[in-house]
């Protein structure tokens with residue numbers, strides 16, 4: 001259910017006002033210094049975003065003002081077309097910055113409103129004050145709370161490369177299975193809007209259309225395949241994938257095991273010679289490259305043969321994402337083989353399989369503990385000589401529990417962005433979650449698109465050879 005609604009041009013009266021207060025964090029100060037180009041130590045010393053640079057405090061105040069205008073008044077659908085501000089004051093960590101925007105005048109011919117804007121700290125210092133000209137939406141847009149979330153300063157953006165790789169590729173057909181709630185339906189529509197997929201909405205038609213109506217979404221551009229319930233939706237979507245009617249599957253508002261139980265049986269026709277597995281693709285702010293974790297969603301206690309396929313699937317995904325020879329760390333609690341720790345024995349066996357050509361196109365080492373898999377310093381201190389240690393692209397975990405906890409720790413404690421994909425079937429499958437941020441869901445769909453095109457190319461190559 002939406003918590004807020006925008007204010008349309010017709011609804012906003014002169015004098016209407018909104019006030020929002022936000023406390024400045026250390027991350028905010030670092031980000032402001034970087035935005036202003038002031039990254040020397042003295043610009044951050046004592047947690048201050050000022051030195052000789054008004055740019056940092058200006059960036060902070062303008063960002064906050066813009067956030068209030070675009071999120072609160074008028075809200076989504078509006079566009080800032082011009083500003084005239086004066087700046088002053090100082091910003092420190094812990095400061096409470098208060099922004100007030102007030103409608104000052106209206107221009108009917110352009111559907112624009114001039115807002116008086118004011119941003120000050122708790123000491124009464126005015127950081128920015130002036131006017132902003134904003135065009136307001138003419139229609140209603142409902143949305144959930146868009147208050148500024150906690151932020152972690154990203155020194156890299158691994159997902160940007162994935163989105164960029166999708167730009168020149170046509171959208172792929174994708175069955176969205178049982179999109180009967182707000183998040184799964186709007187996520188699919190947004191993915192369609194930016195050209196990632198051509199969604200086919202599979203599920204109870206009345207529920208899908210009721211959800212669309214409650215969210216103000218027009219479904220006239222999209223095909224809806226009506227089924228009686230979620231089980232039937234999963235079966236219908238799998239059948240469409242089997243016949244080539246769609247190139248991918250996306251989970252909607254049904255349980256993961258409902259969808260996968262329709263995919264996994266041999267008679268469903270989506271199995272390949274590979275074991276089916278899942279890969280989390282994590283964009284960790286403090287890690288210099290994308291980090292893949294597998295399997296943390298499907299295989300509970302994989303045996304050695306399962307792990308070999310899990311490894312092969314992840315390596316193939318890495319190739320699609322542009323890594324010619326990905327480094328795979330086989331994780332355990334320790335970095336030495338111990339017969340009493342089964343994961344270390346599996347790691348040694350997987351390395352020997354790679355040495356004998358049973359697993360190819362990747363650099364594999366293990367057992368490795370998490371620290372020396374991702375930290376070159378930890379590997380050096382422990383005297384580990386390895387082409388993988390400290391530079392891993394793929395972490396192959398011992399079991400689902402350890403992998404799931406590791407992935408979610410990186411998401412919720414380290415601020416990692418997370419995409420996810422199911423591999424080993426004839427089509428890529430995205431398992432979305434309502435807890436996933438919008439960008440993470442779109443990143444998963446972008447990976448799905450790249451995989452579908454890779455499959456297209458390989459199929460075309462096979463036909464050409466014949």
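The values are calculated or read from the model by the stated rules, or taken from the named source; none is laboratory data. This is a predicted model, so every value here is computed, not measured. All Cβ positions, even for glycine, are placed from backbone atoms using ideal geometry, and neighbour counts span all protein chains on display.
Some values worked out for this structure:
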{"read-out": "Meets criteria (at pLDDT below 95 and touching a helix residue (DSSP H, G or I) at 6+ places or on another chain (Cβ under 9 Å)) for residue 211", "value": "yes"}
{"read-out": "Residues of the stretch 405-424 satisfying the condition of being at negative phi and either touching a helix residue (DSSP H, G or I) at 6+ places or on another chain (Cβ under 6 Å) or buried (at least 21 other Cβ atoms within 10 Å of the Cβ) (or both)", "value": "407, 410, 416, 417, 418, 419, 420, 421, 422, 423"}
{"read-out": "Residue within the stretch 341-361 that is within 31 Å of the chain's Cα centre (by Cα), closer than 19 Å to residue 290 by Cβ and assigned by TED's automatic domain parsing to the domain that holds residue 297 present", "value": "yes"}
{"read-out": "The lone exception for residue 257 - which of (1) within 21 Å of residue 306 (Cα to Cα); (2) out of contact with any strand residue (DSSP E or B) (no Cβ under 7 Å at 6 or more places or on another chain); (3) surrounded by 14 or more Cβ atoms within 10 Å (Cβ to Cβ) it fails", "value": "(3)"}
{"read-out": "Meets criteria (modelled with pLDDT of 95 or more and either outside any strand (DSSP E or B) or closer than 18 Å to residue 423 by Cα (or both)) for residue 254", "value": "no"}
{"read-out": "Counted residues, the stretch 298-347 - those being in a helix (DSSP H, G or I) and either at pLDDT below 95 or buried (at least 16 other Cβ atoms within 10 Å of the Cβ) (or both)", "value": "19"}
{"read-out": "Residue within the stretch 293-305 that is touching a strand residue (DSSP E or B) at 6+ places or on another chain (Cβ under 8 Å), farther than 23 Å from residue 350 by Cα and touching a residue at least 24 places away in the same chain (Cβ under 8 Å) present", "value": "no"}
{"read-out": "Enumerated helices (runs of 4 or more DSSP H) restricted to the stretch 368-466, each holding at least 2 residues that are outside the structural domain of residue 281 (by TED's automatic domain parsing)", "value": "438-465"}
{"read-out": "Residue selected from the stretch 196-250 under the condition assigned to a loop (DSSP other than H, G, I, E, B) and closer than 18 Å to residue 430 by Cβ, by the criterion farthest from the chain's Cα centre (by Cα)", "value": "245"}
